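Just so it is clear, none of the values below were taken in a lab; they were calculated from the coordinates. As the structure is a prediction and not an experimental result, all values here were calculated from the model.
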Amino acid sequence: MKCRYCAVTGRRGRVVAVAVAGGFARRGDFPYHVRSPAGRRGYVCAEAAVVVERTVNEQKPDRDGSDAGFMRLALREAERAGARGEVPVGAVVVRDGEVVGRGHNRREIDGDPLAHAEILALRQAAANTTGWRLVGCTLYVTLEPCAMCAGALVNARVERLVFGAYDPKGGFCGSLGDVVRDPRLNHRVEVVDRVLEAECSALLKSFFAALRRKG
Ligand code: ZN
C-alpha cells in the first residue's frame, strides 16, 4: 500500500488511513475524515492526512463559532510551532465568539520553560481584554494542559477549556490529575475533551516520527 499523497510528493509515510472522497476514512484504530488529494479513494499516511485535512478545511472555513471551528485555529497555531521545530501544540482564547489570544509552543525558541501555547495565549488575551480575569473566556488547545497551564487556567478564571488529545504522560486535566476541576479550589473550569482529537494527535505523532527518522 502506498500513500497517495507521498506518491505524488515523493515523501515517505506509514499508511494509517484509507481516504475516501468526501467520506470517512478508517484503518485500524485510526479514524480519519479526509479526502485524498486526487479526490479519489486511496491511502494516506498520518502526515498527509493532516495536510489533506487542512487543505479541505481551508477550502471550507468553519466560521460557525463551533468548538471544532476554533480548534482548527488552535491546530494552525500548533502547525506554526511544528514548522519551527517546536513540539506542535497550539492554543487560542475566545470571548463572545472573538479570538482574543493566540499562542503556540515556543519553549526552544524563547529558551523559556513557561513558553507553553496556553500561557502565551492567556497572556495575549489578558493584554487584549480587561486584564488577568478572563471571565467568560474559552481556551482551545490541541493537547491536554500540563499542571502549570491547568493552574494558570484556574488563576485566570477561564470559564471553559476545550482540548483535543489527552496527554497521559503530562496532562493535568483528567490524565494524571485534575487541577481545573478540583473542588477545593476557588474556581473550576468546564471541560470539553477530544475535540478534533485525531487531527491533534496525528500532528504530534508525525512530529515525533520525523524526529526519530532524523535520529
Ligand atoms: Zn503547559
Can you work out ³J(HN,Hα) from phi for every residue in region 200-208, in order, using Karplus 6.51 cos²θ - 1.76 cosθ + 1.60 and θ = phi - 60°, giving whole Hz and x for Gly and Pro?
4, 7, 4, 4, 5, 4, 5, 5, 6
So between Arg84 and Met148, what do we pick up on full extension, going 0.36 nm a residue minus the alpha carbon distance?
20.7 nm
How big is the convex hull of the Cα atoms of region 90-151, per residue, in Å³?
81 Å³
So who's got an amide H within less than 5 Å of the one on Cys137, skipping anything under 5 residues away but keeping other chains? H placed 1.01 Å off N, in plane.
Glu159, Arg160
Using Cα-only point scatterers and the Debye equation, what is log10 of I(q)/I(0) for region 116-182 at each q in 0.20, 0.21, 0.29 Å⁻¹, rounded to two decimals?
-0.71, -0.78, -1.37
